Amino acid sequence: SQQGEEDPQALSIQEGENATMNCSYKTSINNLQWYRQNSGRGLVHLILIRSNEREKHSGRLRVTLDTSKKSSSLLITASRAADTASYFCATDVTGGYQKVTFGTGTKLQVIP
Amino acid sequence: ETGVTQSPTHLIKTRGQQVTLRCSSQSGHNTVSWYQQALGQGPQFIFQYYREEENGRGNFPPRFSGLQFPNYSSELNVNALELDDSALYLCASSYPGDGYTFGSGTRLTVV
């Protein structure tokens, strides 16, 4: 079963525009992570935001976390064709061992 | 600092056979997690190993088993392969509380 769900499932934008992807989850978390996956290969870790953080930046990426709404968003500013990929949110669930559960993903296409 | 290496990259097996997939951990990481990703889906958690012990398991049958070695590398074994086992198998190493470093995956096709 999926802990998180990304929205939208697919997004197509022009190069230079901003892309926003949202993630909702169901249970309390230790942290939430965003990953990128190109063409069905390995996932690349983008950013980790802990449950006591509200916003985090890394280069052109901005992640927000609202634990009261159990939601997060990933903003990619000034998108490039190379940003074309699937993006997944993943939650590290509170309690027990570190179990990171992935959402269903957003497929982003950036048109040159 | 080395990344995570998975082998083989591609594999074709016949239904009923057994398969072993291998994964090396990134230096400094003591936790390995395995995921199965069907086409168009998010990765599904199979199990996790921490310091050579299975630390947690997802909703997969016992014919999915694993090992972690003293150098923190790991194996995933699948017995009695079924057609639905065809997927991308991903290995990730980590240090507790940190993000995961993934390998490039093994694409398994069961015919």
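The values are calculated or read from the model by the stated rules, or taken from the named source; none is laboratory data. Given the structure is predicted, the values throughout are model-derived calculations rather than measurements. Cβ coordinates were reconstructed from backbone atoms using ideal geometry, including for glycine residues, and neighbour counts include every protein chain displayed. The protein model used for the area step is the full one, side chains on, heavy atoms only, and it has no ligands, DNA or RNA in it. Shrake-Rupley method; radii C 1.70, N 1.55, O 1.52, S 1.80 Å.
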Considering A:100, A:44, which residue is buried (at least 17 other Cβ atoms within 10 Å of the Cβ) and within 13 Å of chain B (Cβ to nearest Cβ)?
-> A:100
Are any residues in region A:75-92 open to solvent by less than 10 Å² (accessible area, probe 1.4 Å) and more than 14 Å from chain B (Cβ to nearest Cβ), and if so, which ones?
-> A:76, A:79
Residue B:84 fails exactly one of the following numbered conditions: (1) more than 8 Å from every other protein chain (Cβ to nearest Cβ); (2) modelled with pLDDT under 95; (3) within 26 Å of residue A:10 (Cβ to Cβ); (4) not in a loop (DSSP other than H, G, I, E, B). What is the number of that condition?
-> (2)
Which of the residues spanning region B:14-45 are open to solvent by 50 Å² or more (accessible area, probe 1.4 Å) and over 9 Å from the mean Cα position of the chain (by Cα)?
-> B:14, B:15, B:16, B:17, B:18, B:27, B:28, B:39, B:40, B:41, B:44
Residue hits (region B:1-43; of a type in the set (Ser, Thr, Tyr) and either away from chain A (no Cβ under 12 Å) or in contact (Cβ under 8 Å) with a residue 60 or more places away in the chain (or both)) are B:2, B:5, B:7, B:9, B:14, B:20, B:24, B:25, B:27, B:31, B:33
Complete set of residues in region B:48-64 that are within 11 Å of another protein chain (Cβ to nearest Cβ) and either in contact with a helix residue (DSSP H, G or I) (Cβ under 7 Å, 6 or more places away or on another chain) or surrounded by fewer than 21 Cβ atoms within 10 Å (Cβ to Cβ) (or both) = B:50, B:53, B:54, B:55, B:56, B:57, B:58, B:59
Considering each residue of region B:65-111, count those that are farther than 30 Å from residue A:52 by Cβ and either open to solvent by less than 20 Å² (accessible area, probe 1.4 Å) or in contact with a helix residue (DSSP H, G or I) (Cβ under 9 Å, 6 or more places away or on another chain) (or both), and give that number.
-> 16
